[in-house]
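Student: For reference, the structure I am asking about is given below.
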Amino acid sequence: MDPRTKPYQPGRHFLHIPGPTNVPDRVLRAMDRPTIDHRGPEFAALALECLDGIKAVFQLRAGHVFLFPGSGTGAWEAALVNTLSPGDRVLMFETGHFATLWRNLASKFGLQVDFVAGDWRHGVDPRIVEERLVADRAHEIKAVLCVHNETSTGVTSRIAEVRRAMDVAEHPALLMVDAVSSLGSIDYCQDEWRVDVTIAGSQKGLMLPPGLALTAVSEKAFTASRAARLPRGFWAWEEMSEANQAGYFPYTPATNLLYGLREAISMLVHEEGLDRVFRRHQRHADATRTAVRTWGLELVCAEPTEYSSSCTGAFLPEGFDEVRFRALVLDRFNLSLGAGLGKLRGKAFRIGHLGDLNDLMLCGALCGVEMGLAEFGVPCKGSGVQAAMDRLRQPV
Ligand code: PLP
């Protein structure tokens, strides 16, 4: 139906794509302020508070965080152009659609990508990381690039084990991790895992609108950026770092998003607390998987130790098109579900359960899926909603 002629749908829209996520009213209110002079003292105080406060979310004590106006794709680019030189070899893993897009971007910059093929149902295999790095005696591989939570499939790679594999191989490559759909939702420890560059965006676990591209950078990666030769302008860390010292930016920052970020940091770190945030996401993910299994659908993630706490991918049975299913659910129940991306288009849909979410919001979304499956004629074994409610009634 043409959205311009669609009648008004009363009630709240249910946004259950795996990002952008629901922006809490508190964050919306925090951003609803006049934009101030980004060269004045009030702005500097705001920026310094954000730059310092956000480190806790990355679980990073030393190092630098850069907050660019942009999206996750920009942060991917920032990570590459600041640390690497033309022709450098990098090791990447085909975990899904986003890993493939990042690979494509790396190739556009003339990097030589060793892209380990995958089935889009498993995460990065730490044994292959070790094998490839041990075989690289000349240390030609300059970086290992992994997507922590593959949003297109609902598979979370075991980054701690990837780091251990790199240590066993005694290889000096940088470790760069895309945490776009895990930061602020799934435990992510930049210091402990010695991640050199973390890539993130504002629109997922941070509960903000799209518009910020974040990179969190170790001292090792920051030092590497001084010698790296890929051309960079907008994304240059060094210029950003100089300006950030005093709370300023080399160009116009996303001022109102920083108001929102300050509020979101307070909610995640100081009020709910990261441990509770992670447990809440695990519980919602578990309830969602319980629902999917009870309906009789197959999870995209084939490895239980890699189940994602922020999104769940589920296959529809053969002959049922995910694109038409989501269109029906949107039209009938005002519920947005995640699309099947890349190789999964037409086959699997995704339920986003990250960001500002509680039990009843999740149940509402699962009700929409269950009613949608019935209307679409998908044979279901049982009530996933009832099974999810039973799970949610149990203690955490
Ligand atoms: N990486 C992951 C894991 C993502 O989920 C996305 C987007 O959903 C991106 C990168 C790209 O980010 P953006 O769309 O903000 O450019």
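Values quoted throughout were computed directly from the atomic coordinates according to the rules given, and no laboratory measurement underlies them. Predicted model, so just to flag it, every value in this text is computed and none were measured. Every residue, glycine among them, receives a Cβ derived from its backbone with ideal geometry; neighbour counts consider all protein chains shown.
Student: Just name one of LEU328, PRO18, GLY346: the one whose Cα is farthest towards the positive end of the charge dipole of the chain (beta-carbon charges, Lys/Arg +1, Asp/Glu -1).
Tutor: Farthest towards the positive end: LEU328.
Student: The chain: longest stretch without exposed trypsin sites (Lys or Arg not before Pro) (DSSP loop, at most 11 other Cβ within 10 Å), sites themselves excluded?
Tutor: Working: sites that count: ARG4, ARG12, ARG39, ARG61, ARG137, ARG229, LYS381.
No qualifying site falls inside 230-380, the longest such stretch.
Student: Also: How big is the dipole moment of segment 110-163 about its Cα centre under a simple scheme where the beta carbon of each Lys and Arg is +1, that of each Asp and Glu is -1, and everything else is neutral? Debye, nearest 20, please.
Tutor: 120 debye
Student: So how do SER185, SER310, SER241, SER157 line up by other beta-carbon neighbours within 10 Å, fewest first?
Tutor: On the way: SER185 34, SER310 30, SER241 15, SER157 25.
With the sparsest Cβ surroundings first, the list reads SER241, SER157, SER310, SER185.
Student: In whole angstrom, note down how far apart the Cα centers of segment 41-73 and segment 172-246 are.
Tutor: 10 Å
Student: Under a point-charge model restricted to the Cβ atoms of Lys and Arg (+1) and Asp and Glu (-1), what is the dipole moment magnitude of segment 295-350 relative to its Cα centre, in debye to the nearest 20?
Tutor: Numbers: 7 positive and 7 negative charges, 50 e Å.
Dipole size: approximately 240 debye.
Student: Let me ask something additional. Neighbour counts of other C-beta atoms within 10 Å: give me HIS16, HIS270, HIS148 arranged from fewest to most.
Tutor: The order, fewest Cβ neighbours first, is HIS270, HIS16, HIS148.
Student: In nm, give the distance between the simple-model label positions of ASN358 and SER71, each being 7 Å from the Cα along the Cα-to-Cβ direction.
Tutor: If labels sit at ASN358 and SER71, their model points lie 3.1 nm apart.
Student: Let me ask something additional. If the cut-off is a Cα-Cα distance under 27 Å, which lysines reach LYS55, setting aside same-chain residues fewer than 8 apart in sequence?
Tutor: Reachable lysines: LYS142, LYS204, LYS220.
Student: Let's see if you can work this out: charge +1 on each Lys and Arg Cβ, -1 on each Asp and Glu Cβ, no other charges. What is the dipole magnitude of the chain about its Cα centre, in debye to the nearest 20?
Tutor: Details: 43 positive and 47 negative charges, 128 e Å.
So the dipole magnitude of the chain works out to roughly 620 debye.
Student: So what is the relative contact order for the chain, in percent, with contacts set as C-alpha pairs under 8 Å and at least six apart? Working shown, then result.
Tutor: Values: 810 pairs, mean separation 93.1, N = 396.
Computed over the chain, the figure is 24 percent.
Student: What order do you get for THR5, THR83 when you list them from fewest to most C-beta neighbours inside 10 Å?
Tutor: THR5, THR83
Student: Please enumerate, by chain and number, the aspartates and glutamates with C-alpha under 20 Å from the C-alpha of LYS108, excluding those fewer than 8 residues away in the same chain.
Tutor: GLU77, ASP88, GLU94, GLU140, ASP178
Student: Using Cα pairs closer than 8 Å and at least 6 residues apart in sequence, work out the relative contact order for segment 122-212, in percent.
Tutor: Answer for segment 122-212 is 27 percent.
Student: In the chain, with Lys and Arg counted as +1 and Asp and Glu as -1 at Cβ, which of these residues, LEU174, TYR248, VAL116, has the Cα nearest the positive end of the dipole, that is, farthest along it?
Tutor: Comparing the listed Cα positions along the dipole, VAL116 ranks first.
Student: Considering only segment 26-174, what is the antiparallel percent among its DSSP beta bridges, to the nearest 5? Don't skip to the answer; put the middle values down first.
Tutor: On the way: 2 of 12 bridges.
In segment 26-174, approximately 15 percent of DSSP beta bridges are antiparallel ones.
Student: In percent, what relative contact order does segment 218-331 have, based on Cα pairs under 8 Å that are 6 or more apart in sequence? Don't skip to the answer; put the middle values down first.
Tutor: On the way: 47 pairs, mean separation 16.2, N = 114.
That works out to 14 percent.
Student: Sticking with this one: Work from the charge dipole of the chain (Cβ charges, +1 for Lys and Arg, -1 for Asp and Glu, about the Cα centre) and give the residue of GLN282, HIS38, GLY382 farthest towards its positive end.
Tutor: GLY382
Student: Express as a percent, rounded to the nearest 5, the fraction of DSSP beta bridges in the chain (both residues included) that run antiparallel.
Tutor: Rounded to the nearest five, the antiparallel share is 50 percent.
Student: Another question about this same structure. In segment 112-219, which GluC sites (Glu not before Pro) are in a loop and have at most 16 other Cβ atoms within 10 Å, using DSSP for the loop call? Spell out each step's value before the answer.
Tutor: Details: sites: GLU130, GLU131, GLU140, GLU150, GLU161, GLU170, GLU192, GLU219; in loops: GLU140, GLU170, GLU192.
When the GluC sites (Glu not before Pro) of segment 112-219 are filtered for loop state and at most 16 Cβ neighbours within 10 Å, GLU140, GLU170, GLU192 remain.
Student: Still on this structure: With just the Cα atoms of the chain, tell me how far they stretch along each of the three principal axes, in Å, largest first.
Tutor: 59, 55, 44
Student: Something else now. Run lengths n ≥ 4 of DSSP H only: what is the helix-derived mean residue ellipticity at 222 nm for the chain, with -39500 (n - 2.57) per run over all residues, to the nearest 500?
Tutor: Working: 13 runs with 159 residues, N = 396.
One gets -12500 deg cm²/dmol as the mean residue ellipticity at 222 nm.
Student: Go through segment 69-120 and name the chymotrypsin sites (Phe, Trp or Tyr not before Pro) that are in a DSSP coil and have 12 or fewer other Cβ atoms within 10 Å of their Cβ.
Tutor: Working: sites: TRP76, PHE93, PHE98, TRP102, PHE109, PHE115, TRP120; in loops: PHE109, TRP120.
Of the chymotrypsin sites (Phe, Trp or Tyr not before Pro), not one in the loops of segment 69-120 has a Cβ with at most 12 other Cβ atoms within 10 Å.
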